[in-house]
Amino acid sequence: MWRRRDFLAGFGTAVAARLADGARRNLLLIVIDGQRSEMMGCAGNRLLHTPNIDALASRSVRFENSFCAHSVCMPSRASMLTGRYPSVHGTWSNGLPLRESEVTLAGVCEQQGYETAALGKLHLRPLAEPGSQDGAAPGRSYYGFRETHLSANRPGTEFSAFLRQHPDATDVHWIADRTIDFLERAALGTAPFFAQCSFKNLSPPDAPPPDFRAIYPPADMPMPRRRAGELAHKPAHFQKVYDHQLSTRWYPDDARYRELMAAYYAEMSFIDQQIGRVLDKIKSLGLDDRTLIVLTADHGLSLGDHWVWRHGPWLYDQVIKVPLVIHTPGLAGGHVRGEMVESVDILPTALEWMGLPAPPGVQGRSLGPLLAGRPGAWPKDTVWIDDRESPELEFHGVPAKGFRVMALRSKDWKYVHYPGQPLGELYDLRNDPDEFENLWSDPARRRLRDECRDRLLERVLAGADPLPVRKYNA
């Protein structure tokens, strides 16, 4: 079994000694709502300017095959903070609050004496629920966060009051301000901290500041990855969703698409600037050599690819593949790892590095061996995504009751299964990385399809809730 001392052995000698001697270890988790995996310059996007994220990646490990647990916000964010799959922690769709009995990363940190803060979009409860954006109250933490400054699709009381005084302000800048304020106060204390800084504004339509919008002329925007006739060979709901989006003008025409994408790029650059402010503050406070920094997203977005807009139960890589950059003090940076990793792996990784106990029931695996560059096999060669009764279907006129979709994704293949339906999806990612050719009905692929189905079944069975812990009597 892999042990913490093996992880420490990968550090530089001085840093390993300091951590082993009990110096406080902090955690900064940066989550961006709707950031596609290629929306970083360091990921090869030559059109996009993200100098601060790129600089972070140059001293970090970037995982190029990182996947979320679900296609929409609440289940994915709950999995990130619990290390458990949506079918297990119970938030298997938007609109279902995370059970307060679930142990979160913030809850573990709080129990161990950490200062904990959620800044920006947390979204562990439905945004329409009264008080969902107010978070922690005096003497009562919120899913382990002792301090909350929340802003999402529905502003919290604090941010609403701020907007009344500053009507032209943006929540992106406000979230960075609140994060910096927390870091400054945390640096004055003796307790370690966990801060989750989460930006929400990346989902179109965006409203970036004019100076950022000027960087990206709409005419420079690439058109979506789509192919005429591709929906004819895919499950029927794809065509129904597209027809509804087209009739309601939810799916934009080409001119509008370029405008939306230019704003999307500009907003990403604006968010990058604010991330830079937060990272600069970490450094100026002298916290850089003892703070684990994790940057990721809750999910991606389709954004016109495959004739569908935004995100939902269409499990293309544009939706389920997310950025993951981890800066570990004392470790050499600038590395890219290609192993298949999942958002449920973030919690055990962070706790391992901080030297804190992982709660029972965690289903993710620590990425410590990969961060330390240690040889040996990574136990995962597939990722599993499970989507159920998506509200996005209802929004686009397709009944969601009883609808379920599961995907098993390896480096070479993607298998998408719809229980009770005759047609699924099967893609050869080596020869068709854009997922245009659905091979489900190809007789030559029947054996492979059956093998993928069996492997998915194994993942589903292995993903059953480990709780409660069974105690056997002698």
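Ignoring any ligand, DNA or RNA, what whole percent of the accessible area of region 353-403 comes from carbon and sulfur when the probe is 1.4 angstrom?
Working: 1140 of 2190 Å².
Carbon and sulfur: 52 percent of the exposed surface of region 353-403.
Identify all lysines with a Cα-Cα distance to Lys200 below 17 Å; exclude those on the same chain that are fewer than 8 residues away in sequence.
Lys121
If you stretched the chain out fully between Val460 and Glu184, how much longer would it get, using 0.36 nm times the residue separation minus the C-alpha to C-alpha distance?
Numbers: separation 276, 0.36 × 276 = 99.36 nm, distance 4.41 nm.
The Val460-Glu184 span can extend by a further 95.0 nm.
Consider the candidate values [x] 24.2; [y] 43.9; [z] 21.3; state which one is mean projected area of the Cα convex hull in nm² computed from the structure displayed.
Working out mean projected area of the Cα convex hull in nm² from the coordinates points to [x].
Extending each Cα 7 Å along its Cβ direction at Asp211 and Ala228, get the distance between those two points in nm, one decimal.
4.5
Any lysines with Cα under 16 Å of the Lys234 Cα? List them, leaving off those in the same chain fewer than 8 positions away.
List returned: Lys414.
Looking only at chymotrypsin sites (Phe, Trp or Tyr not before Pro) in DSSP loops with at most 15 other Cβ atoms within 10 Å, what is the longest site-free stretch of the chain?
Values: sites that count: Trp2, Trp250, Phe436, Tyr472.
That gives 3-249 as the longest site-free run.
Return one whole number: the accessible area per residue of region 179-337 in Å², for a 1.4 Å probe.
Working: 5750 Å² over 159 residues.
Here the residues of region 179-337 average 36 Å² of exposed surface.
Within region 85-174, report the GluC sites (Glu not before Pro) that DSSP leaves as loop and that have at most 15 other Cβ atoms within 10 Å. Provide the component values of the computation, followed by the final result.
Numbers: sites: Glu100, Glu102, Glu110, Glu115, Glu147, Glu158; in loops: Glu100, Glu102.
Answer in residue order: Glu100.
Assuming R0 = 45 Å, what is the FRET efficiency of Leu47 and Glu451, from their Cβ-Cβ distance, to the nearest 0.05?
Details: r = 39 Å, r/R0 = 0.87.
My answer for the efficiency is 0.70.
Which log10 I(q)/I(0) values does region 132-284 give at q = 0.11, 0.15, 0.16 Å⁻¹ under the Debye formula, counting every alpha carbon as one identical point scatterer?
-0.63, -0.94, -1.00
Could you give me the ³J(HN,Hα) list for region 54-59, computed from phi with Karplus coefficients 6.51, -1.76, 1.60 and θ = phi - 60°, whole Hz, x at Gly and Pro?
Using θ = phi - 60°, the values come out as 4, 5, 4, 5, 5, 10 Hz.
In the chain, if the dipole is taken from +1 on Lys/Arg beta carbons and -1 on Asp/Glu beta carbons about the Cα centre, which of Phe270, Trp314, Gly364 is farthest to the positive end?
The one lying farthest along the dipole's positive direction is Gly364.
Might you tell me the accessible area per residue for region 361-453, computed with a 1.4 Å probe and given in Å²?
Heavy-atom SASA per residue in region 361-453 reads 47 Å².
Would you calculate, for the chain, the mean residue ellipticity at 222 nm contributed by helices, counting each DSSP H stretch of 4 or more residues as -39,500 (n - 2.57) and dividing by all residues, to the nearest 500? Present the calculation step by step, with values, prior to reporting the outcome.
Numbers: 16 runs with 155 residues, N = 474.
Estimated from H runs of four or more residues: -9500 deg cm²/dmol.
Report the FRET efficiency, 1/(1 + (r/R0)^6), for Tyr472 and Trp378, where r is their Cβ-Cβ distance and R0 is 30 Å, rounded to 0.05. Walk me through the intermediate numbers first.
Values: r = 31 Å, r/R0 = 1.03.
The pair Tyr472/Trp378 has a calculated efficiency of 0.45.
Multiplying the sequence separation of Asp289 and His335 by 0.36 nm and subtracting their Cα-Cα distance, what value in nm do you get?
Details: separation 46, 0.36 × 46 = 16.56 nm, distance 1.84 nm.
Result: 14.7 nm gained on full extension.
Would you list which lysines come within 21 Å of Lys240, measuring only between C-alpha atoms, while excluding same-chain residues fewer than 8 positions from it?
Lys401
What three numbers, in Å, describe the spread of the alpha carbons of region 73-138 along their principal axes, ordered from the longest?
On the principal axes, region 73-138 reaches 32, 26, 19 Å in Cα extent.
Give the value in nm², to one decimal: projected area of the alpha carbon convex hull of region 374-474, averaged over all directions. The partial results should precede the final answer.
Details: hull surface 45.2 nm².
Taking the Cα atoms of region 374-474, their convex hull projects to 11.3 nm² on average.
If I stretch the segment between Asp442 and Leu246 completely, what's the gain in nm (0.36 nm per residue apart, minus their alpha carbon distance), one decimal?
Numbers: separation 196, 0.36 × 196 = 70.56 nm, distance 3.00 nm.
Stretched fully, the Asp442-Leu246 segment lengthens by 67.6 nm.
Charges at C-beta only: +1 for Lys and Arg, -1 for Asp and Glu. How large is the resulting dipole of the chain about its Cα centre, in Debye rounded to 20? If you can, show how the numbers build up before the last one.
Numbers: 57 positive and 58 negative charges, 217 e Å.
With only Lys, Arg, Asp and Glu charged at Cβ, the dipole is about 1040 debye.
The values are calculated or read from the model by the stated rules, or taken from the named source; none is laboratory data. What you see is a predicted model, and the numbers here were worked out from it, not measured in a lab. Note that we place each Cβ from the backbone using ideal geometry, even for glycine, and neighbour counts take in every protein chain shown. Note: areas computed on protein heavy atoms with side chains; ligands, DNA, RNA excluded. Shrake-Rupley method; radii C 1.70, N 1.55, O 1.52, S 1.80 Å.
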